[in-house]
Amino acid sequence: MRISRHVLLIAGAALISGCVSTRGTTMPPPQTTLRVDNQAVLDMTIYALRGSERRRLGFAGALRVTLLQIPPSLIFGATPLRFLADPIGSNRAPVSEEISVSPGDEVTLQIPPQ
């Protein structure tokens, strides 16, 4: 009878420890994206501008739509951002108006044909 109590006690402890959730785990921030509709005939390097910081987001090919991720480190609540489209092979680099971006948003940047 004494052995069965120990077995039940150990089994109960294992069951309880399996049900305990770990503290301090956080959900990852929602993915914030930039949809670039590049209607120009030049490929573009896309940057996000926050204050004086400029962060490269990626490459947007000519005459196509590209989805780029905005890094979570750039977004703190509703964050004002501007976007720079730097054409490869040209010295013209248009900058968007400032827009407020929140975590999980999908922002669309349309680059018109030249």
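The values are calculated or read from the model by the stated rules, or taken from the named source; none is laboratory data. Owing to the predicted nature of the structure, the values given are computational and were not obtained by experimental measurement. Every residue, glycine among them, receives a Cβ derived from its backbone with ideal geometry; neighbour counts consider all protein chains shown.
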Restricted to segment 62-80, and to residues that are under 14 Å from Val36 (Cβ atoms) and crowded, with 17+ Cβ neighbours inside 10 Å, which residue is nearest to the chain's Cα centre (by Cα)?
Ile70
Could you go through segment 63-82 and let me know if any residue there is free of Cβ contacts under 8 Å to residues at least 24 places away in the same chain and closer than 17 Å to Asp43 by Cα.
no
Within segment 11-26, can one find any residue that is of a type outside the set (Lys, Arg) and at pLDDT 75 or above?
yes
Residues satisfying the stated conditions in segment 20-75, i.e. more than 17 Å from Pro113 (Cα to Cα) and among the acidic types (Asp, Glu):
Glu53
Restricted to segment 70-94 and to residues being of a type in the set (D, E, K, R) and modelled with pLDDT of 90 or more, the residue farthest from Val107 (Cα to Cα) is Asp86
Any residue at all in segment 31-54 that's of a type in the set (D, E, K, R), assigned to a strand (DSSP E or B), closer than 16 Å to Glu106 by Cα and modelled with pLDDT of 95 or more?
yes
